[in-house]
1. What pairs come up if the first residue lies in the stretch 175-199 and is among the hydroxyl-bearing types (Ser, Thr, Tyr), the second is outside any loop (DSSP other than H, G, I, E, B) and open to solvent by less than 70 Å² (accessible area, probe 1.4 Å), and their beta carbons are under 6 Å apart, counting only those six or more places apart or on different chains?
2. Being farther than 30 Å from Asp180 by Cβ, touching an Asp or Glu at 6+ places or on another chain (Cβ under 6 Å) and touching a residue at least 24 places away in the same chain (Cβ under 8 Å): is that true of Arg17 here?
3. Can you tell me which residues in the stretch 41-62 are touching a strand residue (DSSP E or B) at 6+ places or on another chain (Cβ under 9 Å) and part of a helix (DSSP H, G or I)?
4. Only residues that are touching a residue at least 24 places away in the same chain (Cβ under 8 Å) and small (Gly, Ala, Ser): list them for the stretch 62-76, please.
5. Any residue in the stretch 231-246 that is under 22 Å from Gly13 (Cα atoms) sitting within a Cβ distance under 7 Å of a residue that is part of a helix (DSSP H, G or I) and open to solvent by 100 Å² or more (accessible area, probe 1.4 Å)? List the pairs, counting only those 6 or more apart or interchain.
6. Would you point out which residue out of Asp212, Asp224 is among the acidic types (Asp, Glu), in contact with a strand residue (DSSP E or B) (Cβ under 9 Å, 6 or more places away or on another chain), open to solvent by 30 Å² or more (accessible area, probe 1.4 Å) and farther than 21 Å from Leu106 by Cβ?
7. Between a first residue in the stretch 77-101 that is among the aromatic types (Phe, Trp, Tyr) and a second residue that is open to solvent by 60 Å² or more (accessible area, probe 1.4 Å), which pairs have beta carbons less than 7 Å apart while being 6 or more apart in sequence or on different chains?
8. Where residues in the stretch 1-48 are of a type in the set (Gly, Ala, Ser) and closer than 20 Å to Leu237 by Cβ, which of them is surrounded by the most Cβ atoms within 10 Å (Cβ to Cβ)?
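The values are calculated or read from the model by the stated rules, or taken from the named source; none is laboratory data. Computed from a predicted model, the values in this text were never measured in an experiment. Ideal geometry is used to build each Cβ from the backbone, glycine not excepted, and the neighbour counts take in all protein chains shown. Keep in mind that these areas ignore ligands, DNA and RNA; they rest on the heavy atoms of the full protein, side chains included. Shrake-Rupley method; radii C 1.70, N 1.55, O 1.52, S 1.80 Å.
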Amino acid sequence: MTEPKQAVVLLAGAGSRLGIYTEKIPKCMVEVAGEPLLLRLLNQLDKLPTEEAILVVGFKADIIRDAVGNSFGNLAITYVENEEWETTNNVVSLALATDLLGKDFLLLEGDLFFADGVLDRLLGHNQMAVDRFRDGMDGTVVTTASDNLVEKFYLKTTPNRPEDISKLYKTVNAYSFSLDSFFDKVLPQLNRLLQKGERNVYYEQAIADAVDGGSLTLKCVKFDGSEWCEIDTAEDLQQAWVKFGE
């Protein structure tokens with residue numbers, strides 16, 4: 001089993017759907033279970049073989065820099081600034097981090113809450129976390145084969161996306177990549193999107209294109225709703241407080 005030594009955490013967005021909670025702080029600094037999301041995530045990464053966290057910042061980046069510094073426990077912290085965070089999506093944030101990648105890595109978003117120990121399951125290569133689709137979920141889903149490999153991605157913009165997605169799996173936005181696979185199979189798709197001027201799409205589109213084109217094989221690692229949550233809206237945050245404590 002490979003052990004990702006780097007982690008890329010995408011943090012540039014404003015988190016405007018959280019309303020008053022992100023008027024003065026970035027979304028990743030919102031607290032669940034008594035701790036900012038980002039600091040909790042970095043504590044969890046520090047307990048893994050991860051040696052460096054690459055933080056792609058934008059909105060109120062100074063707050064993140066002040067809270068985290070240049071190291072966090074045993075983690076080295078490297079910052080990448082997405083100066084176009086107001087006018088681009090996270091496809092640009094991921095592209096900005098690629099020059100700093102030199103080892104197998106985890107790819108994560110800064111609005112995720114994980115129960116302790118859950119990320120240990122991603123200590124392989126070319127894996128993605130998924131959860132069974134439930135009411136209230138939104139966004140990208142995947143179909144899987146009997147061997148837990150991803151068959152197809154369906155972003156909200158994917159043509160012929162099934163109307164009934166209740167039996168599909170929701171992407172958790174947590175991935176583990178071998179460096180070679182990412183550079184050989186995902187990065188060309190990422191660059192293709194940017195060359196076409198597609199700067200307002202999600203990075204998942206590049207992963208989806210690699211999987212759908214047959215060049216990339218991803219294994220699903222199934223998470224449970226009691227182990228994680230994504231904080232997109234004020235309602236998400238309130239539900240997280242109920243589920244995981246304030």
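1. Final answer for the pair search is Tyr175/Leu107; Tyr175/Met128; Ser176/Leu106; Ser176/Leu122; Ser176/Gln127.
2. On the way: farther than 30 Å from Asp180 by Cβ: yes; touching an Asp or Glu at 6+ places or on another chain (Cβ under 6 Å): yes; touching a residue at least 24 places away in the same chain (Cβ under 8 Å): yes.
So Arg17 passes the test.
3. Leu41, Leu42, Asn43, Gln44, Leu45, Asp46, Ala61, listed by residue number.
4. Residues satisfying the conditions are Ala67, Gly73, Ala76.
5. Listed by first residue and then by second, the contacts come to Asp232/Arg17; Thr233/Arg17.
6. Testing whether each residue is among the acidic types (Asp, Glu), in contact with a strand residue (DSSP E or B) (Cβ under 9 Å, 6 or more places away or on another chain), open to solvent by 30 Å² or more (accessible area, probe 1.4 Å) and farther than 21 Å from Leu106 by Cβ leaves just Asp212.
7. Between residues of the stretch 77-101 that are among the aromatic types (Phe, Trp, Tyr) and residues that are open to solvent by 60 Å² or more (accessible area, probe 1.4 Å), the close pairs are Tyr79/Arg65.
8. Selected residue: Ala12.
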